[in-house]
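The values are calculated or read from the model by the stated rules, or taken from the named source; none is laboratory data. Since the model is a prediction, treat every value here as computed from it, not as a measurement. So basically every Cβ, Gly included, is an ideal-geometry build from the backbone, and we count neighbours across all protein chains shown. Accessible surface areas use protein heavy atoms only, side chains included; no ligands, DNA or RNA. Shrake-Rupley method; radii C 1.70, N 1.55, O 1.52, S 1.80 Å.
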Amino acid sequence: MALISLRVSDEVAAEFSAFAATQGGKSALLRRLIAEALAAPSPRILALPVGRPEKVTVRFRQSEMRQLAEVSHQRGMTRTGWIVALVRSRLGSPVQHSPSEHEALRAIVRELNRIGGNINQIARAANASVLQGRAVEPDLSAIQQAKLVIEAELAQLRNALNGNADYWDGRR
């Protein structure tokens, strides 16, 4: 059996270890991720643009230009940047995010990591109690509160990606 190794920062290693603990361990998670990557259908075109950018002229009506300006401004992007992001998303490139979306996604990831850490602590405490012969009685109100926090974070995630080149409509 072959061995694959890589170097990552201590912080990334710690986060990966914490996440992997919920997925059957680091090796199991890596095996699954590699299998999924190999089984994934290849994109229609190269995911990363190759070559020198070329100019394309597109004509819009005046009302459409106003809409383009408004929508791109709401997303914190230029009109050209927004149009390029839409086209690239249809060609199979990674989803293009505005600066505010990037910050929102980073905040969501941080919060979900905190939630994952809390769940790991709860699991450790429950396992320790079982090993000591004590019954574990879950606090259903705390679980419900955690569920609400997770649902709120997922709603923020959907909101951050809403309208992002039709990311949620299943066409990607």
Inter-probe distance in nm under a simple model that places probes 7 Å from Cα toward Cβ, at Ala146 and Ser129 = 1.1
What do you reckon, how do Asp10, Asp139 stack up by accessible area (1.4 Å probe), largest on top?
-> Asp10, Asp139
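Test of understanding: what is the full-extension gain from Ser17 to Thr80, defined as 0.36 nm times their sequence separation minus their Cα-Cα distance?
This chain segment gains 18.6 nm when fully extended.
With a ≥ b ≥ c the root eigenvalues of the C-alpha gyration tensor of the stretch 51-154, is it rounded (a/c under 1.5), prolate (a/b larger than b/c) or oblate?
Prolate.
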Among rounded, prolate and oblate, which fits the stretch 55-96 when a ≥ b ≥ c are the square roots of the eigenvalues of its C-alpha gyration tensor, a/c under 1.5 means rounded, and a/b larger than b/c means prolate?
-> oblate
Set the Förster radius R0 to 35 Å, insert the Cβ-Cβ distance between Asn118 and Leu68 as r into 1/(1 + (r/R0)^6), and round the FRET efficiency to 0.05.
-> 0.20
